[in-house]
Structure formats: structure tokens, C-alpha cells
Amino acid sequence: MKKRVLICDNDPDIVELVSLILKRKGYDVFSSDNCNKVNQKIEKYHPDLIIMDLWIPDLGGEKATELLKNSTDYKHIPVVILSANNEIANIAKRSGAEDYLAKPFHIETLVKKVNQYIAA
């Protein structure tokens, strides 16, 4: 069974790029342009990993990650923060994310980080 990745990012170009890369590496990829009701998205897609943008409308990636990491049901799902924010390392740590990837990123780095937490 293929491993599943949920991308929460409102930039369609980033979603398309990351999806294309990860699908070619054998992952099933799902996306959402917001973090609202992230728990419902998890129940729908059953991701093995979540790639979370910080600057996303409404709830925002940092708060959504905090909610996931404080949930008994979802805290086991690895979250990788993806952002151009200069404070990405601090925000990832503060929110409880397992890792982060700064925009712009190298394809090899993205794949390495995803593989580090799940293998296709």
C-alpha cells in the first residue's frame, strides 16, 4: 500500500510541484488550500505525513500543527513545516512539528525529508 502525504498549502504552484515530485517517488498525495477542519481531512485521507505551510488563510499552519500535536488521535502523524518565514526553525519547534523545509527548497531535500519520516 502506498504511503500518503497531505499537503496543506494555498499556493497552487507549490502544491502542484510537491505533488508531482512525491507522486513520481511513489506516494499518494492529497492537498488542501486551508487548515480548517484539518482533523476531517486526516480522517478522509489517512495521511502518513503532513506538509504544512505556515502562511495559509484562516487557522494557519502553526496553530493547525499545534492542534494536531496536542491531539491523542493525530500527534503520531509527522508534520513538516514548509515556509519562507525566516523564523521557520523556531516556529516548527514551538508548534511541535517534526521538521521543516524552507522555501525555496531543493527537490532532493524535500524527498529526503519525506523519506526520513515515511518510505513509499
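Tell me, what HN-Hα J-couplings in whole Hz come from the Karplus equation 6.51 cos²θ - 1.76 cosθ + 1.60 at θ = phi - 60° for each residue of region 87-100, using x for Gly and Pro?
Whole-Hz 3J(HN,Hα) from phi for region 87-100: 9, 4, 4, 5, 5, 4, 5, 4, 7, x, 5, 6, 6, 8.
Looking at the square roots a ≥ b ≥ c of the eigenvalues of the Cα gyration tensor of the chain, which shape do they give, rounded for a/c under 1.5, prolate if a/b is larger than b/c, or oblate?
rounded
Take the alpha carbon gyration tensor of region 56-120, find the square roots of its eigenvalues, order them as a ≥ b ≥ c, and report rounded if a/c is under 1.5; if not, report prolate when a/b exceeds b/c, else oblate. The partial results should precede the final answer.
Working: a/c = 2.08, a/b = 1.18, b/c = 1.77.
Oblate.
Run the quick spin-label model on H76 and I21: label points 7 Å from Cα toward the beta carbon, then report their separation in nm to one decimal.
Computed distance between label sites H76 and I21 equals 2.8 nm.
Let me spell out the model: positive unit charges on the Cβ of Lys and Arg, negative unit charges on the Cβ of Asp and Glu, origin at the Cα centre of region 1-119. What dipole size does that give, in debye rounded to 20?
440
Sequence-distant or interchain residues sharing an amide H contact under 5 Å with S31, placed H: which?
It is I7, by chain and number.
Tell me which residues come under 5 Å, amide H to amide H, from L82 once H is placed; ignore anything under 5 positions away on its chain.
Counting only residues 5 or more places away or on other chains, the set is M52, D53, L54, L101.
Carbon and sulfur together cover what percent of the accessible area of region 1-59 at a 1.4 Å probe radius? The partial results should precede the final answer.
Working: 1540 of 3240 Å².
Result for region 1-59: 47 percent of the exposed heavy-atom area is carbon or sulfur.
Relative to the Cα centre, what is the charge dipole magnitude of region 5-53, using +1 at the beta carbon of each Lys and Arg, -1 at the beta carbon of each Asp and Glu, and rounding to the nearest 20 debye?
Values: 6 positive and 9 negative charges, 47 e Å.
Computed charge dipole of region 5-53: roughly 220 debye.
With just the Cα atoms defining each centre, how far is region 1-67 from region 88-108? Give it in Å.
Centre-to-centre (Cα) distance: 14 Å.
Please compute the per residue accessible area over the chain with all protein chains in place, 1.4 Å probe, rounded to a whole number of Å².
55
The values are calculated or read from the model by the stated rules, or taken from the named source; none is laboratory data. No experiment lies behind these values; they were computed from the predicted model shown. Cβ sites come from the backbone with ideal geometry, for glycine too, and all protein chains shown count toward neighbours. Ligands, DNA and RNA are excluded from the accessible area calculation, which covers all protein heavy atoms including side chains. Shrake-Rupley method; radii C 1.70, N 1.55, O 1.52, S 1.80 Å.
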